[in-house]
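The values are calculated or read from the model by the stated rules, or taken from the named source; none is laboratory data. Predicted, not measured: the structure shown is a model, and the values here were computed from it. In this analysis, Cβ positions are derived from the backbone assuming ideal geometry, glycine residues included, and neighbour counts consider all displayed protein chains.
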Amino acid sequence: MTTLFCKLFVKNWQDTKNPAVRRACGTMASLVGIVANLLLSLVKLIAGAISGSISITADAVNNLSDAGSQVISLISFKISAKPADRDHPFGHARIEYVSSMIVSFLILTVGVELLKESISQVLNPTEVTFSLPVFIVLFLSVVVKLWLSLFNRKLAKRIDSGVMRATSADSLSDAIATVAVLLSGLISYFTDIRTDGYMGIVVAVVILIAGVRVLNDTKNSILGRAPDPETVQGILTLAKEYPEILGVHDMVVHSYGPGNVVASFHAEVDGSANVFDTHDVIDLLEKRLWNCLGIRATVHMDPIVTDDERVNALRKQISETVVSVDNRLSIHDFRFVEGRTHSNLIFDVSAPFELKLSDQELKRQISDRISQLNSNYFAVITVDRQ
């Protein structure tokens, strides 16, 4: 169904890297969501008024807020498609993160208000009338919401949209919430037990959980998260195609919104090679990263000694010494500066954030082990957390 909608309403729908196509897909999805949620809200308001159910009415209000969220999504796609300008050199795609956060606040607000009303219904229960038309309305609502969740999830994956992932999660929580309302109606119909208020609390909790999840995911995007493994692997794969590049380290990847990724890293090269030839290779790699992956990369050239057997052996020995502290550690940018009274071993250590040792303690342990190899070796260590 997602593919069918794209074919019908989006020109060149398969070119998802094109900002115009992303905007068209987002606009189409937002309009579908607005229409569906407005219809569901209207039908549920009528069903809630007829039955006197607080949980059905609350579910209707939730659908109305979903329609408002879709309006925000629609606006965000329009803004995110704007090109870069002097004040925003990296474009406007990050507006989708802001929109996702606004959506999460709306979801949380609806959840809190519903929780208040449901608690009131538990303390002061009122009679609820459940009928076949109400059952049909709620059942169709579940079907529509599940379809909207799947529709938005597939399209979010296709165009890499955080705001659509938030919408998909919200639709799924709505479907679960409506199932709870449906169960409440059935219980009240076949028994004298009044569960409307309690089911309203269940609905509120489900909505609040969805809101917190969306907020947390959006918060990570705004603060800056680790690059996804697929992006990192794509960069490494391209770099390995050039035999002149001996290693890659100090990689930093920034996302300025879907389709707008900026990266920088150091590429180790043979220090004895012609600098112009090596620079040409680095330049080619930067161009290919843009053409193949859409990543604007800046690659720093790190010359290393490759034709000195003593330095190579010492590099291997120090690498094994560092790994003996923790097998997740690795070294790069190794240099050996020999002196009359002592020799400096200058290198960087890549350490995971999960390593509990502080940088100072890590340096001390490595330095102590190097001193055991040779008391004349002084280690000059820089720790890179990654």
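Conditions tested, residue by residue: (1) closer than 27 Å to F353 by Cβ; (2) without any contact (Cβ under 8 Å) to a residue 60 or more places away in the chain.
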| position | (1), (2) |
| --- | --- |
| L215 | yes, no |
| L238 | yes, yes |
| S272 | no, yes |
| G294 | no, no |
query = What single numbered condition from (1) surrounded by 20 or more Cβ atoms within 10 Å (Cβ to Cβ); (2) of a type outside the set (K, R); (3) closer than 23 Å to L31 by Cα fails to hold for I56?
reply = (3)
Yes/no for Q386 being closer than 28 Å to I245 by Cα and within 35 Å of the chain's Cα centre (by Cα) = yes
key: Unique residue being within 30 Å of G257 (Cβ to Cβ), without any contact (Cβ under 8 Å) to a residue 40 or more places away in the chain and not aromatic (F, W, Y) when the list is R310, R385   = R385
Hey, L182 buried (at least 20 other Cβ atoms within 10 Å of the Cβ), touching a Cys at 6+ places or on another chain (Cβ under 7 Å) and in the same structural domain as G52 (by TED's automatic domain parsing) or not = no
task = For the stretch 116-127, state whether one or more residues are surrounded by fewer than 22 Cβ atoms within 10 Å (Cβ to Cβ) and in contact with a Leu (Cβ under 6 Å, 6 or more places away or on another chain).
result = no
task = Pull up the stretch 215-265, narrow it to residues that are basic (K, R) and not in a loop (DSSP other than H, G, I, E, B), then point me to the one that is surrounded by the most Cβ atoms within 10 Å (Cβ to Cβ).
result = K219
message = Against the definition (touching a Lys or Arg at 6+ places or on another chain (Cβ under 6 Å) and either part of a loop (DSSP other than H, G, I, E, B) or not hydrophobic (A, V, I, L, M, F, W, C) (or both)), how does S171 come out, yes or no?
response = yes
